[in-house]
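The values are calculated or read from the model by the stated rules, or taken from the named source; none is laboratory data. Keep in mind it's a predicted model, so treat the numbers as computed, not measured. Don't worry about glycine lacking a Cβ; one is built from the backbone with ideal geometry, like all the others, and counts go over all protein chains shown.
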Amino acid sequence: MSAALSSQCVVAVIGAGAMGAGIAQVAAAAGHRVRLLDNQAGAAARAVSGIAAQFDKLAAKGKLSAEQAQAASARLLVAEQLSDLADATLVIEAIVENLQVKQKLFCDLEALVGTDCILATNTSSISITAIGAALKRPQRLAGLHFFNPAPLMALVEVVSGLATDAPVGATLFATAAAWGKTPVHAKSTPGFIVNRVARPYYAEALRVLTEGGADCATLDACCREAGGFRMGPFELMDMIGHDVNFAVTRSVWNAYFCDPRFLPSLMQQELVDAGFLGRKNGRGFYCYDAQAEKPLPATEAAQPTPGEIVVYGSSPAARALAARLSARAVAFTQQSAQGELLARAGAATLCVTDGRSATRRAAESATPNTVLIDLALDYATATRLAISVAAQCALEATHAAVGLLQAAGFAVSTLRDVPGLMVMRTVAMLANEAADAVNQGVCDVAAVDTAMRLGVNYPQGPLAWANAMGVAQVGTVLGHLADTYGEDRYRTSPLIQHHIYAAKAFA
């Protein structure tokens, strides 16, 4: 097992923007002398002053002593030219995302630094193998992908290109851990782990919106209040910026030779073409003018509690529903499981979505009064549930289903009858993409779950979530989505199929 670089080693950071400055702060806080270089006059000096101010703030909050803050600031030095980095043991590049520019920089560095110096790139999208192809010794180049803001975000993707020596990746992994980060190993493939596996979070929301499933505020609320995600997909895209988010999606799609799994959205392209880039310029899916009212999610009006309620089986949804009803002194009876039936409320039949539309499910089961509920991270604590209603369903049955869920303490949002609703189809596709990344050797199960929890703040790793749902249920949802749309986009990962046939969870 490789050891971390000694704190006596000099770390050089090239690029004094937000990311480069953040990485320099992390390295200096860990005890390294740090040389910061930027080709824009004065940029490195401004960044060093800004980092010193951050150390002072940490001292004022009691997170560092005054002496520690002063010592960390003293370890930061401005480099005036590339030759000032000759004594570095590790050089981290955080400059423009351009292959040719990065290749030239590393070629220049290769002729300057010692033979044992490790070269690292913070690229989020460019192939490590491609960058290294221009070098005489590509084996010492690897990706060291921090997430913004680097001092606060725990995750670091340690990315090995085709030529990267294993000890180089191992040393960077140990060093990132010594710096207080949580590193994960990844192979150099488009998007690495996070930017690849996260694509369905945006893509499925955009598709549901395109199909008129609901408005942005309602879909965002479902993802937050039922799915447990910190931000809904539309508010998150607005925060990232549609120019950036759309460019990443296009980059991954192109890199995978236009695999439909990563197909960009025409709706998002329209926003980019219109210049509606999100928070950065005041308009995206939402309007950010000071006078603009924040849109509220569509929520069903109060309905009376049904006189007859039956809860079936002991699934997580059934157990939570029974507990919530009991806590609110709502009368109901319990019966043993009957297939996938969750509950009856008057004439309504309630089931958890399995990727089919409610209308299709009603027809195939000869149960016209079918109402489907969406997936929740935890049905016991979720505050909102989305439902879809079969076209055959009588109005009084719909009202009964809504009344039941409201009696259990849920705010209810009715979506158009899109297959898989919002949270279920999104989580199934996240799990599918995570499984494909593991199946293709990009990373292991623990790495993909860690990366998605820490890199984009998901409430649970996608494969851990698949285990909690049941891998077979994920496969069922994907199969029904594929059958509905007839698209390769929803093909089930071979690894998910393997785990279904083997009847085992991801580990």
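Of the residues making up the range 95-105, those that are in a helix (DSSP H, G or I) and either farther than 10 Å from residue 14 by Cα or touching a Pro at 6+ places or on another chain (Cβ under 6 Å) (or both) are 99, 100, 101, 102, 103, 104.
Starting from residues that are of a type in the set (Val, Ile, Thr) and under 18 Å from the mean Cα position of the chain (by Cα), keep the ones in the range 174-199 and report whichever is surrounded by the fewest Cβ atoms within 10 Å (Cβ to Cβ). Ranking the qualifying residues of the range 174-199, first place goes to 182. Restrict the check to the range 114-134 and report whether at least one residue is at pLDDT 95 or above, more than 26 Å from the chain's Cα centre (by Cα), farther than 26 Å from residue 8 by Cα and surrounded by fewer than 19 Cβ atoms within 10 Å (Cβ to Cβ). The answer is yes; a qualifying residue exists. Return yes when residue 44 is within 26 Å of residue 8 (Cβ to Cβ) and crowded, with 22+ Cβ neighbours inside 10 Å and no when it is not. Judged against the criteria, residue 44 is a match. Of the residues that make up the range 303-310, is at least one at pLDDT 95 or above, closer than 21 Å to residue 387 by Cα and part of a strand (DSSP E or B)? Checked the range 303-310: at least one residue is at pLDDT 95 or above, closer than 21 Å to residue 387 by Cα and part of a strand (DSSP E or B). Checked against the criterion of being hydroxyl-bearing (Ser, Thr, Tyr) and surrounded by fewer than 19 Cβ atoms within 10 Å (Cβ to Cβ), the candidates 388, 357, 326 yield just one match: 326. Screening residue 431 against (1) outside any helix (DSSP H, G or I); (2) within 19 Å of the chain's Cα centre (by Cα) leaves a single unmet condition, (1). Pairs meeting the criteria (first residue in the range 71-94 and over 10 Å from residue 10 (Cβ atoms), second residue part of a loop (DSSP other than H, G, I, E, B) and of a type in the set (Ser, Thr, Tyr), beta carbons under 6 Å, at least 6 apart or on different chains) are lacking. Within the bounds of the range 313-323, is there any residue that is under 15 Å from residue 403 (Cα atoms) and either in a helix (DSSP H, G or I) or under 30 Å from the mean Cα position of the chain (by Cα) (or both)? Yes, the range 313-323 has at least one match. Residues that are touching a residue at least 40 places away in the same chain (Cβ under 8 Å) and surrounded by fewer than 20 Cβ atoms within 10 Å (Cβ to Cβ) within the range 329-345 comprise just one, 330.
So that you can scan it fast, the table gives a plain yes or no per residue for (1) under 22 Å from residue 192 (Cα atoms); (2) of a type in the set (Val, Ile, Thr); (3) not assigned by TED's automatic domain parsing to the domain that holds residue 30:
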| site | (1), (2), (3) |
| --- | --- |
| 63 | no, no, no |
| 73 | no, no, no |
| 81 | no, no, no |
| 85 | no, no, no |
| 92 | yes, yes, no |
| 102 | yes, no, no |
| 117 | no, no, no |
| 123 | yes, yes, no |
| 126 | yes, yes, no |
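The set of residues from the range 379-395 being within 28 Å of the chain's Cα centre (by Cα) and outside any loop (DSSP other than H, G, I, E, B) comprises 384, 385, 386, 387, 388. Filtering the range 431-471 to residues that are touching a Ser or Thr at 6+ places or on another chain (Cβ under 6 Å), surrounded by 24 or more Cβ atoms within 10 Å (Cβ to Cβ) and not small (Gly, Ala, Ser) leaves only 432. A single member of 460, 497 is in contact (Cβ under 8 Å) with a residue 40 or more places away in the chain, outside the structural domain of residue 372 (by TED's automatic domain parsing) and not β-branched (Val, Ile, Thr), and it is 460.
Taking the range 210-223 as the range and being surrounded by 20 or more Cβ atoms within 10 Å (Cβ to Cβ) and either among the acidic types (Asp, Glu) or under 25 Å from residue 461 (Cα atoms) (or both) as the test, the residues that pass are 216, 218, 219, 220, 221, 222, 223. Residue 481 meets the conditions (1) hydrophobic (A, V, I, L, M, F, W, C); (2) within 18 Å of the chain's Cα centre (by Cα); (3) under 22 Å from residue 262 (Cβ atoms) in every case but one. The failed one is (2).
Pairs meeting the criteria (first residue in the range 371-395 and assigned by TED's automatic domain parsing to the domain that holds residue 205, second residue modelled with pLDDT of 95 or more and buried (at least 20 other Cβ atoms within 10 Å of the Cβ), beta carbons under 8 Å, at least 6 apart or on different chains) are lacking. Can you confirm whether residue 238 is free of Cβ contacts under 8 Å to residues at least 60 places away in the same chain, surrounded by 23 or more Cβ atoms within 10 Å (Cβ to Cβ), among the acidic types (Asp, Glu) and not assigned by TED's automatic domain parsing to the domain that holds residue 453? Taking the combined requirement at face value, the residue satisfies it. Any chance the range 450-457 includes a residue that's more than 25 Å from the chain's Cα centre (by Cα) and in a loop (DSSP other than H, G, I, E, B)? No, the range 450-457 has no match at all. Residues in the range 33-44 that are touching a strand residue (DSSP E or B) at 6+ places or on another chain (Cβ under 7 Å) and within 14 Å of residue 22 (Cα to Cα): 5 in all. Summed over the range 401-428, residues that are part of a helix (DSSP H, G or I) and under 28 Å from residue 496 (Cβ atoms) total 6.
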